[in-house]
Amino acid sequence: MAVQSVALIPGDGIGPEVLREGRKVMDAVAEVTGVTWQWKEYPFGAEHWLKHRKGLPTLMSEEEMAQLATHDAIYFGAVGDPRVPEQVEQAGALLWMRFYFDQYINLRPAKLLRGVVSPLAGKKPHDINFYVVRENSEDFYIGLGGRFAGRRNRDLLELRRALYKAKFQVDIDIDPEDQIAYQIGAITGRGAERVIRYGFELAKRKHLTRVTVVHKANVLTKIYGLWMETAERVAKEYPSIEFDTAIVDAVTMWFVRRPEWFQVVVAPNMFGDIISDLAAATVGGMGFAPGGNINPDRKAGVSMFEPIHGSAPKHGGFNRANPIATILAGKLMLEHLGEERAAELVEHACEDILEAGKVRTYDMGGNSTCSDMGDAISERILQLKP
Ligand code: IPM
Ligand code: MN
């Protein structure tokens, strides 16, 4: 059996406690399956930055990124601390990894587990069960934009003129009233194709029959025009899978009104960001929402698995956060590493514990601790075996 070498990044706030429980559950998995872990913990987070990188724009240096690249996967808690600029912890850690390792898939399953109550009335377990496949490398996340001086009442003219001259970046120390700001989203045909294809391949692998491609091509005709033309072309290669399209505003309505419809939902980066939080809410909240930042070609880039939630600094250190999102991120990591049966075991154990209902964290209206939850799920795994 291959040894899986995994980088652990606990991070800040509740990150360390939820990741500790994630690792505990993964260690239980190792006891009853052929999976063998080799963990290596990295200190990236607020303390590390304040001590070693203060003033620098990223949490990790290039050398540290190169070190992360040597692992089979990265298992990530959360980062975010009031003492560190938000930009550094978000763009300088999450986006830095996504771009650096070309993790162009952001896989965010939304599944209503046994034992969890959805805020949508009348939904039974697995009534909500779909994958959001979020494009993770392009769109409005490319950071292209600027702020410059405008002139009152002539702003639009100025904007056009400035764009025309491609003379964007001006340091802003003038009144915001007299500024123009813009930010551009851009996609590439290849970038769209690889994520849409992943969506169809995922459907095939999971024996699903419908792929919904999200867009706003009715208004943002250029960027999502290319996106949809690409989708139509890729969809033709999968005649046995229904090709469904939906405009993003309507998707938010249908996620609430008829979530059963959705199986695989492929979305551009920013729409995917927004709708995946909504999807998480329908299956019990951020405590149940894992994400995989994936480069499907394991040789081309290491993938990173995390709960979608942030570091929630005000809850950090109390051992009360719900670790299930992190544990389910571990499930995604197992799948990525080719350990399908071990992955199933993790979800099964989570559902058994949730359904039994004895262990419930505060977000579920209980007062069990984060470690109570991790212990219970680990013990269940040892009982179940694969
Ligand atoms: C997410 C987060 C990130 C995003 C932020 C923190 C950069 O909201 O992972 O969904 O916008 O992608
Ligand atoms: Mn988000």
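The values are calculated or read from the model by the stated rules, or taken from the named source; none is laboratory data. Since the model is a prediction, treat every value here as computed from it, not as a measurement. Neighbour counts are summed over all protein chains in view; Cβ atoms, including those assigned to glycine, are modelled from backbone coordinates with ideal geometry. Ligands, DNA and RNA are excluded from the accessible area calculation, which covers all protein heavy atoms including side chains. Shrake-Rupley method; radii C 1.70, N 1.55, O 1.52, S 1.80 Å.
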Extreme residue, farthest from ligand 1 (Cβ to nearest atom), among residues of the range 83-106 that are modelled with pLDDT under 95 and polar (S, T, N, Q): Q87
Unmet requirement for R298, which otherwise passes all of (1) open to solvent by 10 Å² or more (accessible area, probe 1.4 Å); (2) within 28 Å of H207 (Cβ to Cβ); (3) within 16 Å of ligand 2 (Cβ to nearest atom): (3)
Of the criteria (1) touching a residue at least 24 places away in the same chain (Cβ under 8 Å); (2) out of contact with any strand residue (DSSP E or B) (no Cβ under 6 Å at 6 or more places or on another chain); (3) of a type outside the set (K, R), which one E201 fails: (1)
Some residue of the range 342-354 being open to solvent by less than 10 Å² (accessible area, probe 1.4 Å), in a loop (DSSP other than H, G, I, E, B) and β-branched (V, I, T): no
Qualifying positions in the range 35-78 - of a type in the set (V, I, T) and open to solvent by 20 Å² or more (accessible area, probe 1.4 Å): T36, T58, T70
Residue within the range 320-328 that is part of a helix (DSSP H, G or I), within 14 Å of V29 (Cα to Cα) and touching a Phe, Trp or Tyr at 6+ places or on another chain (Cβ under 9 Å) present: yes
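Sort out for me the helices (runs of 4 or more DSSP H) sitting completely within the range 209-316 that have 3 or more residues that are away from ligand 1 (no atom under 16 Å from the Cβ) and either modelled with pLDDT of 95 or more or out of contact with any helix residue (DSSP H, G or I) (no Cβ under 6 Å at 6 or more places or on another chain) (or both).
Details: elements: 221-235, 248-257, 269-282.
Filter on the range 209-316 gives 221-235, 248-257.
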Positions within the range 355-374 being open to solvent by less than 60 Å² (accessible area, probe 1.4 Å) and either in contact (Cβ under 8 Å) with a residue 12 or more places away in the chain or within 13 Å of R114 (Cα to Cα) (or both), in sequence order: G357, V359, T361, M364, T369, C370, S371, M373, G374
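Suppose the filter is more than 26 Å from P10 (Cα to Cα), among the acidic types (D, E) and either surrounded by 22 or more Cβ atoms within 10 Å (Cβ to Cβ) or not assigned by TED's automatic domain parsing to the domain that holds W261 (or both); does D139 pass it? Before the answer, list the steps.
Working: more than 26 Å from P10 (Cα to Cα): yes; among the acidic types (D, E): yes; either surrounded by 22 or more Cβ atoms within 10 Å (Cβ to Cβ) or not assigned by TED's automatic domain parsing to the domain that holds W261 (or both): yes.
Spelling it out, D139 is indeed more than 26 Å from P10 (Cα to Cα), among the acidic types (D, E) and either surrounded by 22 or more Cβ atoms within 10 Å (Cβ to Cβ) or not assigned by TED's automatic domain parsing to the domain that holds W261 (or both).
Consider D273 carefully, then state whether it is out of contact with any Cys (no Cβ under 9 Å at 6 or more places or on another chain), charged (D, E, K, R) and free of Cβ contacts under 8 Å to residues at least 60 places away in the same chain.
On the way: out of contact with any Cys (no Cβ under 9 Å at 6 or more places or on another chain): yes; charged (D, E, K, R): yes; free of Cβ contacts under 8 Å to residues at least 60 places away in the same chain: no.
Spelling it out, it is not the case that D273 is out of contact with any Cys (no Cβ under 9 Å at 6 or more places or on another chain), charged (D, E, K, R) and free of Cβ contacts under 8 Å to residues at least 60 places away in the same chain.
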